Amino acid sequence: MSLIQDQPDWIDARWPQAEALPPLTALTTTQQSHWTQIDCPEPPRWLRQVHGDQVIHLDDWRTEIEADAAWTDRPCQVAVIQTADCLPVFMASQAKPMVAAVHAGWRGLAGGVLDRTVETLPTHPSTLQAWIGPAISQPAFEVGEDVYQAFVGQDASLASCFQPSRPDRWHADLVGMAVIKLKGLGVSQVSVSGLCTASDPTRFYSYRAGLPKGRETARMASLIWLR
């Protein structure tokens, strides 16, 4: 059975040491693919994302539940988050079968959604591997004082992820900050897609680059499940 039908353009997660992980599927769709084309073992359990730090186990899922991260240790339960510039972050444990999907925009990242997810998963952080999917890159993400202070105000070392662009404006490296945060939490095995949503608006949805006409709410779906 094929994983995806008709249009094969999606992004597979590339784990630091995939061979150490339990059998799983993890991917992000593009404008040329759609989650309904994927042979999911169960219907994806969608979250009402609010740029917060709420993490749920998929056993506790219900329609319209507000959360920005979900995890499961049960085969075939499909965790899914949606993004269009924010970070899609997958986590998986090599010690015991479990996976998580995290939506991390700048507010969620500054608010501790990665911290909360790592703390929630019932395994030592050193057993986790993480992958950060397509997201806005530093050159495309200019921010103001509020974003700068949200990060540097709580961790001065994150100043290295901000490149001054003009008075009171910076280019922020969300992916770089996520990597720093994950490693600081004990997740040493982290890989990134290296793909920028804003730099390739014909392949990815991007709020900064402008969504296609009539697609004001379009986002990519990032899905992960244990096989």
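The values are calculated or read from the model by the stated rules, or taken from the named source; none is laboratory data. If you're wondering where the values come from, they're calculated on a predicted model, not measured in any experiment. Neighbour counts run over all protein chains shown; Cβ positions are idealised from the backbone, glycine included.
Just a few scattered comments:
- Test: residue in region 173-191 that is at pLDDT 95 or above, part of a loop (DSSP other than H, G, I, E, B) and touching a Lys or Arg at 6+ places or on another chain (Cβ under 6 Å): no
- Only strands (runs of 3 or more DSSP E) whose full extent lies in region 1-93 are considered here, and none of them has at least 1 residues that are under 23 Å from SER191 (Cβ atoms) and more than 19 Å from the chain's Cα centre (by Cα).
The rows are residues; the columns are (1) within 30 Å of GLY214 (Cβ to Cβ); (2) in contact with a helix residue (DSSP H, G or I) (Cβ under 6 Å, 6 or more places away or on another chain); (3) surrounded by fewer than 18 Cβ atoms within 10 Å (Cβ to Cβ).
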{"site": "ARG14", "(1), (2), (3)": "no, no, yes"}
{"site": "ALA26", "(1), (2), (3)": "yes, no, no"}
{"site": "ILE56", "(1), (2), (3)": "no, no, no"}
{"site": "ILE65", "(1), (2), (3)": "yes, no, yes"}
{"site": "ASP68", "(1), (2), (3)": "yes, yes, no"}
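- Considering only residues in region 103-149 that are small (Gly, Ala, Ser) and not in a helix (DSSP H, G or I), the one that is surrounded by the fewest Cβ atoms within 10 Å (Cβ to Cβ) turns out to be GLY144.
- Hits in region 158-173 - residues which are touching a helix residue (DSSP H, G or I) at 6+ places or on another chain (Cβ under 7 Å) and either closer than 26 Å to MET91 by Cβ or surrounded by fewer than 20 Cβ atoms within 10 Å (Cβ to Cβ) (or both): LEU158, ALA159, CYS161, PHE162, GLN163, ASP168, HIS171, ALA172, ASP173
- Residues of region 6-51 satisfying the condition of being among the small types (Gly, Ala, Ser) and in contact with a strand residue (DSSP E or B) (Cβ under 7 Å, 6 or more places away or on another chain): ALA13, ALA26, SER33
- Look at (1) in contact with a Leu (Cβ under 8 Å, 6 or more places away or on another chain); (2) not in a strand (DSSP E or B) and you find that ILE224 fails only one, number (2).
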